[in-house]
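Notes to accompany the following structure.
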Amino acid sequence: MRSKSCLFVALASVAGFAATPVSAKTVVVTAAHMIDVLGGKRVDDAQITVVDGRITAIGRRGDAIPAGAERVDLGNRTVLPGLIDMHVHLTSDPTLSGYRGLEFTDSYWTVLGVANARKTLDAGFTTVRNVGSSDYADVGLKQGIERGEIPGPRIVPATYALGVTGGHCDATEFPPSITTAAPQIANSPEGFRAAVRTIRKYGAQVVKVCMTGGVLSKGDSVGAQQLSYDEIKAIVDEAHMLGMRVAVHAHGTEGINVALRAGVDTIEHASLADATSFKLAKEHGAWFDMDIYDDDYILAEGAKNGVFQESLDKERAVGLKQRQTFRAAHAAGVKMLFGTDAGVYPNGNNALQFAKMVEWGMTPMEAIQSATSSAAQALDRTADVGAIAVGRYGDLVAVDGDPLADIRTLERVAFVMKGGVVVRGGSASTEG
Ligand code: ARG
């Protein structure tokens, strides 16, 4: 009885036809321009009403305003939906690459994650998919953020990234006498089914799998496939049965294509994808999530950050190729996401990738959609994030200037609201 009436109130207020409860907090945001990512257009003189954290109305500046509403006038700025980064590692720091991280105790990485969560939110990223962290640190961060103890984005945690012995997600940099806890390592379909069940039990909401070698891992070949079809298929079947999506680290062609045939949801990196990969991705409705900024940072800073020499060599082998693949995949009509692998470059600088995506073939609107409406689809979260639309969270960012004319404006977000609460850059004209 009780839960039914709660549900009615929730639905009624989303639909906007019930009387607003007296305790409701209403915020009305006005701005000269708004990016409508669902319509693919810019709208002028926007007015967005947020009640108790959710958007309840979108109208024109000058429309009637509910009595007692708090006002946020963004003046001449352009307002956009809160941004979504589909590939981050909040508990990583690129300046501690290679063996440098060994100077720090295990819990240090969670503390680092607290700092990075704030930087990420301040940069306008109100939702992130964290695709790999040790010790279930991303689940703890998510819980702390949801309870309001620390500022940060909404987190979709993968917890541990799954992989095989000696693969990209194993700790291959140590001699055999040093053993590491490895709940993420399996070597059979049944082993991977068990691993999926374990990480879900402890908070994973998406499954990350290391399907091929990588750049920053020691001792593997970046293009080599590391899981068999039967192993990745077992992961996909188990994850989908449990209601989770599967994000697959894959640089090499065969690994990408085998994973796509097994029905994975997103291909991360996708550096050496070919025409067959594009066709498979489109047939299966899979997304590419390509971190095409990283090459600049790794080649400029990697050596002084402690990145292994072999990793720098691997980066030189795939970096440019990945960007060419990005252009070709987009031109072929593959669905694309915004994912940076932040942690490989500094967290909080996520928006640097937008300009690369435009340089390599996207329109600014497409780049923005990859980090908003498309990301929400790939997260299966179109009900609550990824657009300025009735029913979704009041997650908004604003920039000076026009991001459709100059995508780099997104590197200087001036205002951030999450769930109707201003977390950065409250405007001078805010009234109580
Ligand atoms: N985590 C990835 C790996 O180690 C980073 C790749 C970065 N390089 C790039 N060109 N995207 O494989």
222 nm [θ] for the chain, helices only, -39500 (n - 2.57) per DSSP H run of 4+, per residue, to 500?
-> -10000 deg cm²/dmol
Using modelled backbone amide H atoms (1.01 Å from N, in-plane), which distant-in-sequence or interchain residues come within less than 5 Å of VAL37's amide H?
-> ILE388
Ordered by residue, what ³J(HN,Hα) values in Hz, to whole numbers, does the stretch 102-111 give under the Karplus form 6.51 cos²θ - 1.76 cosθ + 1.60, where θ = phi - 60° and Gly and Pro are x?
-> 5, 6, 10, 6, 4, 6, 4, 5, 6, 4
Calculated P(r) of the stretch 270-336 - Cα pairs past 18 Å, % | 42 percent
If amide H atoms are modeled at 1.01 Å from N in the peptide plane, then the residues at a separation of 5 or more from ARG71, or on another chain, having amide H under 5 Å from its own are VAL28, GLU431
For the residues ARG118, ARG71, ARG129, ARG412, what sequence is obtained by ranking on other C-beta atoms within 10 Å, fewest first?
-> ARG412, ARG71, ARG118, ARG129
Evaluate 2.2 N^0.38 Å with N set to the residue count of the stretch 221-280, then give the Cα radius of gyration divided by it.
-> 1.04
Table column - 3J(HN,Hα) (Hz), the stretch 141-158, Karplus curve with 6.51, -1.76, 1.60, x for Gly and Pro | 4, 4, 5, x, 5, 5, 7, x, 6, 9, x, x, x, 5, 10, 9, x, 9
Debye log10 I(q)/I(0) for the stretch 23-64, one point scatterer per Cα, at q = 0.15 Å⁻¹ | -0.37
Computed over the chain, the Cα gyration tensor eigenvalues, each multiplied by 5 and square-rooted, give semi-axes in Å (largest first) of 37, 23, 21
List the pair-distance distribution P(r) of the stretch 161-307, using every Cα-Cα distance, as the percent of pairs falling in each 5 Å bin from 0 up to the bin containing the longest distance, rounded to whole percents.
-> 2, 11, 19, 22, 19, 15, 8, 4, 1, 0
For every other residue with a beta carbon closer than 10 angstrom to the beta carbon of ASN130, add +1 if it is Lys or Arg and -1 if Asp or Glu, then tell me the sum.
-> +1
DSSP-defined antiparallel bridges as percent of all bridges, the stretch 195-301, nearest 5 | 10 percent
Where does the charge balance sit around ASP400 when Lys and Arg score +1, Asp and Glu -1, over other residues with C-beta under 13 Å from its C-beta?
-> 0
Tell me which residues come under 5 Å, amide H to amide H, from VAL423 once H is placed; ignore anything under 5 positions away on its chain.
-> VAL416, MET417, LYS418
Quick one: Karplus J couplings for the stretch 281-296, per residue in order, coefficients 6.51, -1.76, 1.60, θ = phi - 60°, nearest Hz, x for Gly and Pro?
-> 4, 5, 4, 8, x, 7, 10, 9, 10, 10, 8, 7, 7, 3, 3, 4
Taking the DSSP beta bridges in the chain as the whole, what percent of them are antiparallel, to the nearest 5?
-> 50 percent
Would you tally the net charge around ALA181, using a Cβ to Cβ cut-off of less than 10 Å, leaving ALA181 out, and scoring K and R as +1, D and E as -1?
-> -2
Between GLY98, GLY339, GLY132, find the one with the highest GNM mean-square fluctuation for the chain; connect C-alpha pairs within less than 10 Å.
-> GLY98
How long are the three semi-axes of the equivalent ellipsoid for the stretch 46-157, computed from the Cα gyration tensor as the root of 5 times each eigenvalue, in whole Å, largest first?
-> 36, 14, 11
Charge dipole (debye, nearest 20) of the chain; +1 at Cβ of Lys and Arg, -1 at Cβ of Asp and Glu | 1020 debye
Give me the aspartates and glutamates in straight-line cross-link reach of LYS335: C-alpha distance below 18 Å, same-chain residues under 8 apart excluded.
-> ASP85, ASP265, GLU268, ASP274, GLU283, ASP289, ASP291, GLU359, GLU366, ASP380
Stokes-Einstein D for the stretch 139-184 (25 °C, 0.890 mPa s, Kirkwood Rh from Cα pairs), in µm²/s, comes to 189 µm²/s
Just for the Cα atoms in the stretch 287-432, what are the lengths along the principal axes, largest first, rounded to whole Å?
-> 57, 36, 28
Looking at this model, which pairs from LYS119/LYS418; LYS208/LYS356; LYS119/LYS142; LYS218/LYS314; LYS208/LYS233 are more than 18 angstrom apart at the alpha-carbon?
-> LYS208/LYS356
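Values in this text are rule-based calculations from the coordinates and carry no lab data. For clarity, every value in this text was computed on a predicted model and none was experimentally measured. Every residue, glycine among them, receives a Cβ derived from its backbone with ideal geometry; neighbour counts consider all protein chains shown.
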